[in-house]
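Every number in this text was worked out from the coordinates using simple rules, so none of it is lab data. The structure displayed is predicted, hence computed values, not measured ones. Cβ atoms come from the backbone with ideal geometry, glycine included; neighbour counts cover every protein chain shown.
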Amino acid sequence: MAGWPRFPVVYEINAWVWMRELSAAAGAPVTFATVPQAELERIASYGFDGVWLMGVWRRSARGRSVAREHPGLQEEFRRALPDYRAEDVVGSPYCVAEYTVDQTLGGDAGLADLRQRLDRLGLRLMLDFVPNHLAVDHHWIDAHPERLVHGGEEAVRGEPGNYFATGPEGGAASRVFAHGRDPCYSGWTDTVQIDYRRPAARRAMTEILLSIAERCDGARCDMAMLVTREVFGRTWGGDFEPPRAEFWPAAITDLRARHPGFLTLAEVYWDMEWELQQQGFDYTYDKRLYDRLLSGDAAAVRSHLVADMAFQERLARFVENHDERRAAEAFGLERSRAASVLALTLPGFRLFHEGKLDGCRVKLPVQLGRRPAEEAVPGLADFYRRLLAALRHPVFHDGQWRLLEPREEWSGNDTHRHVVAHRWLHGDECRLVVVNLSSHPARCLLPLGIPGLAGRGWRFRDLLGDAEWSQGGDELAQPGLFLDVPAHGHNIFEVRATA
């Protein structure tokens with residue numbers, strides 16, 4: 001298959017839940033090797049460029065026990081799944097016991113078969129890489145303890161949420177290790193922290209990343225900023241060997257040498273997106289855009305979108321994923337449509353989460369292998385099918401993008417400030433995206449910035465609705481396109497010259 005498009009659209013699927021639901025529908029176990037062809041063709045029909053199978057690696061038995069015993073998680077499980085049972089806990093996909101495909105899902109051979117079938121349908125495959133930590137019962141604890149962060153007995157006593165002891169209690173064989181952690185929170189008690197200060201640990205994790213690249217076309221790298229020298233040093237102290245060593249630049253250089261077209265996506269926060277791009281990532285999460293869309297502040301969104309294109313086109317846009325609340329619940333149904341139209345038509349990586357097509361509202365904890373049944377919102381899948389069909393056009397992948405600045409229609413009417421608009425040009429093709437982020441109607445005049453606008457006729461056709469009209473270019477050039485956009489209105493206009 002050809003390489004990834006410039007701005008890919010990727011569909012995130014919870015692998016364990018997917019297999020479970022397909023098995024229930026078939027009345028027999030389904031694995032990656034036996035996914036019905038009709039199911040793969042259904043996914044391909046939406047026009048995605050790739051599929052991110054979240055959570056394929058072998059999960060930890062000890063991690064399952066930790067999840068089943070954790071009081072806070074029990075409350076979360078019951079909120080998401082009122083009839084929750086202990087066997088629904090399959091363990092966190094980010095508590096990796098081994099980088100081999102879990103046998104419950106079909107093993108490495110099943111994934112290889114599925115990858116070939118996806119490839120034939122034009123779908124690339126993305127998998128997870130969890131660089132910061134491993135499962136608390138990973139074999140490195142015995143085989144390679146030098147690759148892990150250690151602590152002392154006082155650490156276990158003083159920070160039991162951040163450290164744990166192995167071996168006979170109080171015996172000579174007892175050792176203390178750190179749980180993986182984000183410095184803003186207590187440790188993830190189903191994990192052990194990798195020591196990125198050590199060259200052997202960095203090399204071993206590079207080899208794991210290279211082994212993942214043998215089995216897919218791209219990797220989403222979990223909490224990628226945690227293993228940078230800056231963050232790791234702030235969290236754990238101590239000195240790197242050598243002093244200025246960084247994991248990602250070296251690892252991605254090795255990756256590119258062996259797999260030139262492999263796509264890397266960093267989950268990253270704390271305004272470190274640019275830093276991770278400079279360290280080699282193709283794309284980095286755009287959580288700031290998500291937060292501003294959620295707030296509904298159009299001015300803040302426009303401010304975010306004036307950043308340099310070299311930065312913007314390497315951001316990953318989304319309005320939900322497995323870590324965030326469901327869009328239909330967080331935004332409300334109509335707002336979620338508007339936010340999706342805006343986010344997914346921007347330059348960059350475009351992430352689409354399963355369940356969004358149906359308007360699912362329940363955020364499923366990643367430790368669960370079953371989700372509640374939810375009724376699909378009538379007509380929503382058709383709406384997203386139209387949006388995804390529009391995104392398939394080359395203009396959204398190879399075109400030139402520009403943010404537009406709405407103006408007030410008449411003095412004193414400031415509703416134009418609720419509108420965010422942008423346009424794409426590619427040869428004779430033009431697409432105009434208009435979104436009202438407020439719960440009130442908005443009116444504006446919109447300069448289009450299309451070369452040769454005056455002296456010609458122009459045809460506008462909404463790819464998400466039925467609106468269609470013609471207008472003279474002189475009027476469009478001055479004062480601009482007049483728009484009356486309803487609350488949470490959203491349009492993708494195909495704009496064509498008629499003369």
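Annotations for the structure displayed:
- Per residue, the average separation of C-alpha pairs within less than 8 Å and at least 6 apart gives the chain a relative contact order of 13 percent.
- Residue separation of S303 and A376 scaled by 0.36 nm, minus their Cα-Cα distance, works out to 22.8 nm of gained length.
- Summing Cβ point charges (Lys, Arg +1; Asp, Glu -1) relative to the Cα centre of the chain gives a dipole of roughly 460 debye.
- Other-chain or far-sequence residues with amide H under 5 Å of F482's (modelled H): L446
- Among [x] 1.07; [y] 0.96; [z] 1.00, the entry derived from the coordinates for Rg/Rh (Cα atoms, Kirkwood Rh): [z]
- Distance between the modelled labels on A2 and R361, one decimal in nanometres: 4.2 nm (7 Å Cα→Cβ projection).
- Charge dipole of the stretch 22-123 (Cα centre as origin; +1 on each Lys and Arg Cβ, -1 on each Asp and Glu Cβ, all else neutral): 120 debye, rounded to the nearest 20.
- Stokes-Einstein translational diffusion, the stretch 1-136 - Kirkwood Rh over all Cα pairs, 0.692 mPa s, 37 °C, in µm²/s: 203 µm²/s
- With the simple spin-label model, which puts each label point 7 Å out from Cα in the Cβ direction, the S174 to A467 separation comes to 7.0 nm.
- Positive-end extreme of charge dipole, the chain - chosen from T206, S303, S45 (charges on Cβ): S45
- Its Cα centre serving as origin, the stretch 208-302 has a Cβ charge dipole (Lys and Arg +1, Asp and Glu -1) of approximately 120 debye.
- Share, in percent, of DSSP beta bridges within the stretch 9-396 that are antiparallel, nearest 5: 35 percent
- Averaged over residues, the count of other Cβ atoms within 10 Å places the peptides 398-409, 50-61 in the sequence 50-61, 398-409, highest first.
- Between the stretch 282-334 and the stretch 139-200, the alpha-carbon center distance in angstrom: 36 Å
- Qualifying GluC sites (Glu not before Pro) in the stretch 128-189, where qualification requires a DSSP coil assignment and no more than 11 other C-beta atoms within 10 Å, comprise E169.
- Across the stretch 33-40, rounded Karplus estimates of 3J(HN,Hα) from the backbone phi angles (6.51 cos²θ - 1.76 cosθ + 1.60, θ = phi - 60°) give 6, 10, 4, x, 4, 4, 5, 5 Hz, Gly and Pro being marked x.
- Sparsely packed GluC sites (Glu not before Pro) within the stretch 214-276, loop by DSSP, other Cβ within 10 Å at most 11: E214
- Inter-probe distance in nm under a simple model that places probes 7 Å from Cα toward Cβ, at H150 and T166: 1.2 nm
- FRET E, pair R385, E214, Förster distance 56 Å, beta-carbon r, rounded to 0.05: 0.95
- Couplings 3J(HN,Hα) for the stretch 49-63, derived from phi with the Karplus relation 6.51 cos²θ - 1.76 cosθ + 1.60 (θ = phi - 60°), are 8, x, 10, 9, 7, 7, x, 8, 6, 4, 8, 8, 5, 5, x Hz, where x marks Gly and Pro.
- Remark: the R402-R234 segment gains 56.6 nm on full extension, using 0.36 nm per residue and subtracting the alpha carbon distance.
- Residues in the stretch 116-149 reached by a label modelled at A38 [backbone nitrogen below 20 Å; 7 Å Cα→Cβ]: 117-118, 121
- Summed over qualifying helices (DSSP H, 4 residues or more, each -39500 (n - 2.57)) and divided by its residue number, the chain shows a 222 nm mean residue ellipticity of -9000 deg cm²/dmol.
- When you filter the chymotrypsin sites (Phe, Trp or Tyr not before Pro) in the stretch 87-177 for DSSP loop state and at most 12 other Cβ atoms inside 10 Å of their Cβ, nothing is left.
- Each part reduced to its alpha carbon centroid, the stretch 13-41 and the stretch 382-439 end up 37 Å apart.
- Modelled label reach - H139, point 7 Å along Cα→Cβ, the stretch 32-68 residues with backbone N closer than 20 Å: 56-64
- Zone of D182's modelled label, taken as backbone nitrogen in the stretch 88-103 under 20 Å from a point 7 Å along Cα→Cβ: 91-96
- Enclosed volume per residue, in Å³, of the convex hull spanned by Cα atoms of the stretch 397-497: 90 Å³
- If R0 is taken as 30 Å, the Cβ-Cβ distance between E69 and E98 corresponds to a FRET efficiency of 0.85.
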